[in-house]
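What follows draws every value from the coordinates through simple rules; no lab data is involved. Every value quoted in this text rests on a predicted model; they were computed, and no experiment measured them. Backbone-built Cβ (ideal geometry, glycine too); neighbour counts: all protein chains shown.
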Amino acid sequence: MQKQTWDDFGDILIALEETWPAVARHTMDPWIIRDGQGGGKRVSAATPNSYWTQADIQAAETAMQDLGQTPLFMVIDQDQDLDRALADAGYDIVDPVNIYSTSVDTLTTERPPKVSMFSVWPPLAIEIDMWAEGGISDARFNVMKRVQGPKTSILARWNDNPAGVGFAAVHGKDAFVHAVE
């Protein structure tokens, strides 16, 4: 039986979801089923919202297939029961997500050189091209557009040439950087 849920881990995981949102979230107890419409794994994965059984896993698989998605579950480290049940059902771990956290003060001890970084929304054409080269599809760009809170693209420059791109969004007191290329 599932002991901890997505919401048990509070603001940080909620901010993660709000800064990289699915098209829709369907509550199908004991799951949250996300409709990602090709926007990536995090926006298409199911997560538990209460106690679950093996039969519930099969129901979640069917719900995701009904959305045209490959069944996929997002498992938090503390949920070993779900991890084992999915492994027993033939699931593998793919694309683990790491969240690195620090304060703004720690992150901003040095100022970047002038004109080395630009914050723009909507993104410039060069940023969209850089994302496309890195495999960030239109569907993932649509995830960025769906963010309701403050958001921006970040263009990095080095020696007067584009050097990198990312997407930043804020929810509450947390900022997340996604789609770094």
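Brief remarks on what is shown
- Of the GluC sites (Glu not before Pro) in the range 55-133, those whose Cβ has at most 14 other Cβ within 10 Å and which sit in DSSP loop: E110
- Phi-based couplings in Hz for the range 45-62 (Karplus 6.51, -1.76, 1.60; Gly and Pro marked x): 8, 8, 9, x, 10, 6, 4, 10, 10, 4, 4, 5, 4, 5, 5, 5, 4, 4
- The simple spin-label model puts a point 7 Å past each Cα toward its Cβ; for A163 and Y51 those points are separated by 5.5 nm.
- Extension gain, T109-D92: 0.36 nm per intervening residue step, less the Cα-Cα distance, totals 2.1 nm.
- For S137 and D83, the difference between the fully extended length at 0.36 nm per residue and the C-alpha to C-alpha distance is 16.5 nm.
- Neighbour-limited loop hits for trypsin sites (Lys or Arg not before Pro), the range 1-109 (at most 16 other Cβ within 10 Å; DSSP other than H, G, I, E, B): K3, K41
- Over the chain, DSSP H runs of length four or greater, each weighted -39,500 (n - 2.57), average out per residue to a 222 nm ellipticity of -8000 deg cm²/dmol.
- Once the chain from T70 to R25 is taken as fully extended at 0.36 nm per residue, the excess over their C-alpha distance is 14.6 nm.
- Mean separation of Cα contacts under 8 Å (6+ apart) over length of the range 114-172, as relative contact order %: 41 percent
- Exposed chymotrypsin sites (Phe, Trp or Tyr not before Pro) absent: longest stretch of the chain, with sites in DSSP loops and at most 13 other Cβ within 10 Å deemed exposed: 101-181
- Between S101 and V170, the FRET efficiency estimated from the beta carbon spacing at R0 = 22 angstrom works out to 0.95.
- Value of Rg/Rh across the range 51-181 [Cα atoms, Kirkwood radius]: 1.07
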